[in-house]
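All remarks here apply to the structure that follows.
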Amino acid sequence: MKSTMKLFLAGVVFAGMLAPTHAEDKPTIEIMSSWTSGGEAAALNIIKTEFEKRGGVWKDSSIAGFGAADAAFQNRIVAGDPPGAKQGVIGLAAADFVGQGLFNPIDDVAVAGKWADALPKSIYDLISYDGQVYLAPTGAHGESWVFYSKEAFEKAGIAEEPKTWDEFFSGLDKLKAAGIVPVAWGGQPWQQTKVFNMILLSQVGIDGFLKIYVDKDKSEASIEGVKKALDILGKLRGYVDDGAAGRNWNDATAMLITAKAGVQFMGDWAKGEFTVAGKEAGKDYGCMIVPESPGMVYIADSLWFPKTGNAGTNKAQKLLAEVVMDPAVQVEFSLRKGSVPMRADVDKSKLDVCAQKGLELMSAGNIVPDQAIVLTPQQVGLLDDFVDEYWSGGSNETASAAENFFAIFE
Amino acid sequence: MPMKRKPHLSATFALLPTWFVAVVVFIGTMGWSIRLSFTNSTLFPSSTYVGFAQYAKLFSSAKWLASLQNVLIFGVLYVGGCLLLGFLLAAALDRKIRFESAFRTIFLYPYAMSFVVTGLIWQWMLNPTLGIQASVRSLGWETFVLDWVVNRDMAIYALVLAGVWQGAGLVMVIALAGMRGIEAEQWKAARIDGIPVWRIYVSIILPQLGPALAAAGMLLAMGVIKTYDIVVAMTNGGPGNATEVPAKFIMDNLFGRQNLGLATAGATVLVLGVIIAVAPFRYAMHVRSKAKGAR
């Protein structure tokens, strides 16, 4: 393994030496991301504008779809021609690349910018490997959100946010009776897994959630929790429309924007779509954490910096890391993307009501990591399979399904 | 018996690069993949051998087993459907109809499109809230249901439908070319004997089209093994495992799930499957050509 890797790295370096050494003074960087929806693109543009203002040259290589962008990135890495930066989640997905020595550390930027003080400790630990910082965090997303259309709620006669699952389901019944699609369901496996996780958190609590996903604990209590979560998930099947299978999350959000549907379970990036459509949080649409949930599931985005062997790109990577962690950029970016800034020391007054709710939960420590942070990509895939099979199978055998759940960790 | 030919040196040299490419690129990468399938490789190749563990994992995966079953159903119906519909179209066009070339273009046109486009078109048409179902319902037939794409039991047939729509044109063109090659004398003779037209097609024309249809079937069958884009465009393997196919399973594990070992094991099984399917056929051809040579 070691020797193949060395050979491979030598190839990377060699390819770098062969690359034409332009006498360019401007640090140029190619950025590969999957941020292509309206809100995402607007957010990426904030980073781009500031980066260019500071003298950088930006080359966009956006690819729609998280998986597609990942696949393209892996191909480029293996071919020895990685882009200068790649958007990716903080978590185990990046660990393999860092472990193989394929990424540039940005430790000096982090030290100069005092990242250790500005970031929550858990995040700082996640972006450091062997004491060196490798990833530049862009923002955190809460994933336990239920967004609802105020117009639809009004039509259905729902006066206030439901506090319990029973209230929630009776609200859905009212929406159905009013001729509105109760749940705008995003029908891709990864979206369904997120719904499962937010329900699971509401059933087992923060400690229970960490026990299941971090400790891989297969006790009676854990199995019972998974079973209860599956019960609720299964009940939701009756409230989605026929066209739900395979639906994109932003198409589901559009159903809320046009008041065709009542609620959507999604991460807070959905706010970006509302913002692009000119809708305001708290006025046109509401956001609540799923009923009975003691906290929220979170995921964090970052930029990765692959080794390209090009001195100009190295310079650009450091500049980009600096830009991304700039307090003003963090706030502006979060406003567009719907995320929560990573830095604790930013101006919070500009954030909308939802982001402030999220920031509150986060600073109180009432958060649990998304599966992508604590599971390997293989396990994440198996979890998607598990939830999708349960959801689409129409099975109500939740007890045996809950037992099968733990096969993911084997 | 044909004379034993002398090897032609310059021709051999001319073919060397091709040989080299075939051996290094095809056989080499195949060997590399098979080697990887016996390791515990995840994102990057590893050389820790784990024996048949990846294969054991593969065949205990419900998703993989479902994908094999799906590709079998899809393959049989797709190839069969294309051959049948293609032949019928060719026979219809062969009746010296008006605007023949216009029809020919229309029927062949879908084949010029990529599977991704085909998949998207059919996904839209079959989507219950956007397509045919919604339009029929808006016309007043409220209980009309056409939800194949989102229905677990029917999704695979939705794929077949889209596939046949695309592939039938190719078969039609090949079959039509074959029919045009059949001598008019045979038609005249059959007419004089008073044989009905359908019988002429079934008993006289069809046997003569054997080689042409076999070629068309072969082309389609090769497409079946690598079926990927139409599935991604139409259903993305869902609902559940209902339209998962091996090629998609392999791609998912190769990239999304960072599991080289499992993906290459799947690829190896697929290659073995093709060899097992093709070997008896090749052997039969070999035996037959020998028999012909001896005659």
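The values are calculated or read from the model by the stated rules, or taken from the named source; none is laboratory data. Predicted model, so just to flag it, every value in this text is computed and none were measured. Note that we place each Cβ from the backbone using ideal geometry, even for glycine, and neighbour counts take in every protein chain shown. For accessibility, only protein heavy atoms count, side chains too; no ligands or nucleic acids. Shrake-Rupley method; radii C 1.70, N 1.55, O 1.52, S 1.80 Å.
A few notes on this one:
- Condition met for B:Gly31 (within 30 Å of B:Arg104 (Cβ to Cβ) and either modelled with pLDDT of 90 or more or open to solvent by 70 Å² or more (accessible area, probe 1.4 Å) (or both)): no
- Test: residue in the stretch B:109-124 that is in contact with a strand residue (DSSP E or B) (Cβ under 9 Å, 6 or more places away or on another chain) and under 23 Å from A:Gly187 (Cβ atoms): no
- Residue in the stretch B:232-243 that is assigned to a helix (DSSP H, G or I), away from chain A (no Cβ under 14 Å) and modelled with pLDDT of 85 or more present: no
- Options A:Ala300, A:Ala261; residue that is of a type in the set (A, V, I, L, M, F, W, C), within 23 Å of A:Gly365 (Cα to Cα) and surrounded by 24 or more Cβ atoms within 10 Å (Cβ to Cβ): A:Ala300
- Boolean, B:Gly51 is assigned to a helix (DSSP H, G or I) and either over 21 Å from A:Gly381 (Cβ atoms) or hydroxyl-bearing (Ser, Thr, Tyr) (or both): no
- Tally of residues being open to solvent by 70 Å² or more (accessible area, probe 1.4 Å) and under 27 Å from the mean Cα position of the chain (by Cα) across the stretch B:142-155: 3
- All of B:Phe249, B:Phe255 fail the test of being within 18 Å of the chain's Cα centre (by Cα) and under 30 Å from A:Val387 (Cα atoms), apart from B:Phe249.
- Some residue of the stretch B:198-217 being within 14 Å of another protein chain (Cβ to nearest Cβ) and of a type in the set (D, E, K, R): no
- Remark: pairs (first residue in the stretch A:103-127, without any contact (Cβ under 8 Å) to a residue 12 or more places away in the chain; second residue of a type outside the set (Gly, Ala, Ser); Cβ separation under 6 Å; 6+ apart in sequence or on different chains) = A:Ala116/A:Tyr124.
- Residue check for B:Leu161: among the aliphatic types (A, V, I, L, M), open to solvent by 60 Å² or more (accessible area, probe 1.4 Å) and either at pLDDT 85 or above or in a loop (DSSP other than H, G, I, E, B) (or both): yes
- Failed condition for B:Thr12, given (1) more than 14 Å from chain A (Cβ to nearest Cβ); (2) out of contact with any Ser or Thr (no Cβ under 6 Å at 6 or more places or on another chain); (3) surrounded by 11 or more Cβ atoms within 10 Å (Cβ to Cβ): (3)
- Matching residues in the stretch A:72-87 - criterion: being open to solvent by less than 20 Å² (accessible area, probe 1.4 Å) and within 12 Å of chain B (Cβ to nearest Cβ): A:Phe73, A:Gln74, A:Ile77
- Which listed residue is in a helix (DSSP H, G or I), over 23 Å from B:Val116 (Cβ atoms) and touching a helix residue (DSSP H, G or I) at 6+ places or on another chain (Cβ under 9 Å), from B:Ile182, B:Ile174, B:Ile156: B:Ile174
- Picking from residues in the stretch A:49-67 that are assigned to a helix (DSSP H, G or I) and more than 20 Å from B:Phe44 (Cβ to Cβ), the one that is most open to solvent (accessible area, probe 1.4 Å) is A:Lys53.
- Complete set of residues in the stretch A:390-406 that are closer than 25 Å to A:Gly246 by Cβ, surrounded by fewer than 17 Cβ atoms within 10 Å (Cβ to Cβ) and away from chain B (no Cβ under 14 Å): A:Asn396, A:Glu397
- Leading residue by the ranking (farthest from the other protein chains (Cβ to nearest Cβ)) among those in the stretch A:339-389 that are part of a helix (DSSP H, G or I), small (Gly, Ala, Ser) and within 30 Å of A:Gly67 (Cα to Cα): A:Ala355
- Residue that is farthest from the other protein chains (Cβ to nearest Cβ) [pool: residues in the stretch A:175-218 that are within 26 Å of A:Met255 (Cα to Cα) and part of a loop (DSSP other than H, G, I, E, B)]: A:Ala178
- The condition of being more than 20 Å from B:Gly240 (Cβ to Cβ) and out of contact with any strand residue (DSSP E or B) (no Cβ under 7 Å at 6 or more places or on another chain) does not hold for B:Leu161.
- Residue among B:Gly178, B:Gly194 that is open to solvent by 10 Å² or more (accessible area, probe 1.4 Å) and either on the phi < 0 side of the Ramachandran plot or within 14 Å of chain A (Cβ to nearest Cβ) (or both): B:Gly178
- Residue ranges of strands (runs of 3 or more DSSP E) in the stretch A:219-315 with at least 2 members under 29 Å from A:Phe406 (Cβ atoms): A:261-266, A:296-304
- Entry remark, the stretch B:48-66: residues being open to solvent by 60 Å² or more (accessible area, probe 1.4 Å) and of a type in the set (Ser, Thr, Tyr) number 3 in total.
- Pairs, first more than 10 Å from A:Ser33 (Cα to Cα) and in contact (Cβ under 8 Å) with a residue 60 or more places away in the chain in the stretch A:50-72, second in a loop (DSSP other than H, G, I, E, B) and among the charged types (D, E, K, R), C-beta under 9 Å, six or more apart: A:Glu50/A:Asp326; A:Gly55/A:Asp25; A:Gly55/A:Lys26; A:Gly56/A:Lys26; A:Val57/A:Glu24; A:Val57/A:Lys26
- Some residue of the stretch A:370-384 being of a type outside the set (Lys, Arg), more than 20 Å from the chain's Cα centre (by Cα) and surrounded by 22 or more Cβ atoms within 10 Å (Cβ to Cβ): no
- Residues of the stretch B:123-141 classified as more than 13 Å from chain A (Cβ to nearest Cβ) and either within 21 Å of the chain's Cα centre (by Cα) or open to solvent by 70 Å² or more (accessible area, probe 1.4 Å) (or both), total: 3
- Meets criteria (at pLDDT 90 or above, part of a helix (DSSP H, G or I) and open to solvent by 50 Å² or more (accessible area, probe 1.4 Å)) for B:Leu89: no
- Qualifying positions in the stretch B:34-46 - open to solvent by less than 50 Å² (accessible area, probe 1.4 Å), within 14 Å of another protein chain (Cβ to nearest Cβ) and of a type in the set (S, T, N, Q): B:Thr39, B:Ser41, B:Ser46
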